[in-house]
Amino acid sequence: MSGRYRDYAVLVTVAAALTLPNLGATSLWDVDEGVNAEAAREMRENDTWVIPTFNYQLRTAKPVMLYWLQRASYSVFGVSEWSARLPSVLAVWLTALLVYELARRMFDRSTGVLAGVVLLSALEVCVLAHAATPDATLLLFTVLTYSLFWTRHEGNSRRWWTATAAACGLAVLTKGPVGVALPGLVILLYFAWNRELGRLLDRKFFWAALVFLLVAGPWYGLVTAETRGAWAQAFFGRENLQRFATPMENHRGPFFYHAAALLVLFAPWSVFLLGALWYSVKAARRVEPTPLPPVPEGKGVLARDNSGAEHVPVGRGSFVTPFPSGRGDGGVGSPRPFRFLICWFAAYLVFFSAAATKLPNYVLPVYPALAILTARFLTRWQTGELALPKWLMPLAVGALVFTAIVVGGGMLIAGDEVKVLPAGTRVFPGLGPWAVVGLVPLTAAGAMAWALRANDRARFVRVMALGAIAFTGLTAAFPAQKVDVYKAPRELVRASGVDDPTREMRLAHIDWFQPSVVFYAHREVTDLKSVEQAAEFLAVPTPGYLFVPVKTWEQFVEPKVAVPTRIVARRYDFYRNSEIIVVTNEVTVTAGRRAVE
């Protein structure tokens, strides 16, 4: 047990180093962070745990779990970017520990530790651990679902049904039907591969369904009743069926979109991705070892034969395949863990590749499976169990060098240090110096090449792990701050003073809007559809503040306005790639605030 605690300490330390630095330093990233953080704040303000709103209107895009966690975080730490993101951080920490336990049970301790490190230092996982979105929470409950299934289905046991159903209920409260549909598909494929579909014909299905409904059903029932069906109709119709069938918000892409995204966002571990998948498929296709003859039953305990192999009793005179003490892979060389992980990976990848709406975060739930497969690939190679072509690991080192060049060059180009982009393209001056992040994988590649030359495979894996932690941690924590200065919402709200809770005012926007404006202002922001509506808004005597692009104001709105106005804030916004201003009809300067024009 002490070894397990040491492993936990290592993984939590790595997780903290990757996720906590500068967690609250940047303003909210629109659109998703702004909407989610504000929806939780409004639930707290309205003292409700049932009906989510954004901008004081019904919010139907996501279920409630993230808002509950963010509301709890706000209650303890106050309302801020840091507290809005904290649930994602903690979810990723717990996910890493679950991945460790799952990989340890499937294979061994070293695979478990490395799998946890791979997951934490995969670029997309680390980035979404910093995000106030439901992705990290869904990842946690997805891994919990599969961990409970795996640990409870062995030995022909039926104990997995209700525990897995409860975890699926939590996933459905986080993201919706995918929280149960895709785990169901994965388990179906896994049993089909092993020719065990009969295990799904079980009376425990009805108990599992009841448990699932008891976990997920109460909130869905309450929100449907209290909104007279409006929430359920919009969520299941538009946000699920329509999103699968047609591209929404212009998030479209080819069938191979997610496969290509994995090669980029699983970095830096994607240099091993193809090899890990290839050799995992080969391992999954092996024939299962023949079980040893049965040994006497023991209720609730393991029986041991003369060779020292352990057996799990599953019925009178019947036992599962023996496995060495401390191993949970279903036997020496058992293909079952590989089959399960491949079903996990393939089901999500194919499902979301077939969906019309595509976003990189949709396939985040495949990352734990990839992390375990990658870790197992490397540990098998390290111990000499797996013989690889002589060119494969040097190719991985070369791919790491390529990663370093792309990252360093990308930072220089995006920072406008190397002027190759067309005029008018969004750039972020100040980002260029962070091209030094590319030196981390470059240095690691050099050390790994040296280890290969010396045939020191353990050092090769250690250097890769340390390099991945340093590279991903630096990339996630620091360059984003250089981009943050080109985001407008927080500074526009601060400079205009519209976040003053003691003053009566109205807020509106035309031709530009970011959801985080509502979060920072703590007020409803009205959407104006026309120039005439904007002119009428400013004509009302009550102080009004209008967020508008400067060109839209000068060319269309200002000529229509018949009352005195002034500009109280101005800020460049990289989302729109233009300057945004805040215009008010309150011509008397309020104490403590100053106009910018």
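Worth pointing out:
- Under 30 Å from the Cα of K390 - lysines, other chains or at least 8 residues apart: K282
- Nitroxide proxy distance, nm - points 7 Å out along Cα→Cβ at H522 and D500: 1.4
- Other-chain or far-sequence residues with amide H under 5 Å of Y572's (modelled H): I580
- Taking the centroid of alpha carbons for each part, segment 149-227 and segment 459-487 are 37 Å apart.
- For the chain, the normalised intensity computed at q = 0.06, 0.09, 0.10 Å⁻¹ comes to -0.37, -0.79, -0.95 (log10 of I(q)/I(0), Debye sum over alpha carbons, equal scatterers, no solvent).
- Compactness check for segment 416-568: Cα Rg over 2.2 N^0.38 Å is 1.66.
- For the chain, the dipole from Cβ point charges (+1 on Lys and Arg, -1 on Asp and Glu) about the Cα centre works out to 1940 debye, to the nearest 20.
- Whole-number percent relative contact order across the chain, with pairs defined as alpha carbons under 8 Å at least 6 apart: 14
- The convex hull around the C-alpha trace of segment 392-484, projected and averaged over every direction, spans 6.3 square nanometres.
- Peptides 408-420, 107-119, ordered by how many other C-beta atoms sit within 10 Å of their residues on average, highest first, read 107-119, 408-420.
- Lys/Arg +1, Asp/Glu -1 at C-beta; the chain dipole; positive extreme among G275, T383, T472: T383
- Using alpha-carbon coordinates, inclination of helix 336-354 to the longest axis of the chain, degrees: 30
- Per-pair calculated FRET efficiency, R0 = 41 Å: T443 and E45 via Cβ, rounded to 0.05: 0.25
- Cβ-Cβ distance of F236 and T425, R₀ of 35 Å, FRET efficiency by 1/(1 + (r/R0)^6): the value works out to about 0.30.
- Applying the criteria of a DSSP loop state and at most 14 other Cβ atoms within 10 Å to the chymotrypsin sites (Phe, Trp or Tyr not before Pro) of segment 337-437 yields W391.
- In the chain, the longest principal axis of the Cα atoms and the axis of helix 2-19 are about 30 degrees apart.
- Per-residue ellipticity at 222 nm from helix content only, as computed over the chain with -39500 (n - 2.57) for each DSSP H run of at least four residues, stands at -17000 deg cm²/dmol.
- Unit charges on C-beta of K, R, D, E only; dipole of segment 392-484, Debye: 260
- Of the GluC sites (Glu not before Pro) found in segment 501-579, the ones in coil according to DSSP and having at most 11 other Cβ atoms within 10 Å of their Cβ are E504.
- Close amide H contacts of G544 (hydrogens built in the peptide plane, cut-off under 5 Å, sequence separation of 5 or more or a different chain): R506, N585, E586.
- Taking 0.36 nm per residue of sequence separation and removing the Cα-Cα distance, the R152/K282 pair yields an extension gain of 44.2 nm.
- A Förster radius of 35 Å, combined with the Cβ-Cβ distance separating F255 from L395, puts the computed FRET efficiency at roughly 0.85.
- By the count of other C-beta atoms within 10 Å, a proxy for reagent exposure, S147, S121, S280 are ordered fewest to most as S147, S280, S121.
- Convex hull of segment 489-584 built on C-alpha atoms - directionally averaged projected area, nm²: 5.4
- Under 17 Å of direct C-alpha separation, and excluding same-chain neighbours fewer than eight residues apart, K175 reaches these aspartates and glutamates: D32, E33, D135, E239.
- Qualifying lysines (Cα of each under 28 Å from Cα of K551; at least 8 residues distant if same chain): K419, K482, K487, K529, K560
- With respect to the chain, whose longest principal axis is taken over its alpha-carbon atoms, helix 439-453 is tilted by about 10°.
- Cβ-based net charge around G116, under 14 Å, with every Lys or Arg adding one and every Asp or Glu removing one: +3
- Relative to the compact-globule estimate of 2.2 N^0.38 Å, the Cα radius of gyration of segment 24-154 comes out at 1.17.
- Residues in segment 59-68 carry Karplus couplings, in order, of 9, 10, 6, 9, x, 9, 4, 4, 5, 4 Hz; the curve used is 6.51 cos²θ - 1.76 cosθ + 1.60 with θ = phi - 60°, and Gly or Pro positions show x.
- Shape class for segment 533-572: oblate, because the ratio a/c of the largest to smallest gyration tensor axis (alpha-carbon atoms, square roots of eigenvalues) is 1.5 or more and b/c is at least a/b.
Bear in mind these aren't lab numbers, they're just calculated from the coordinates by the rules spelled out. Note that the coordinates shown come from a computational prediction; the quantities given were computed from them, not determined experimentally. Quick reminder, even Gly has a Cβ in these numbers, built from the backbone with ideal geometry, and neighbours come from all protein chains shown.
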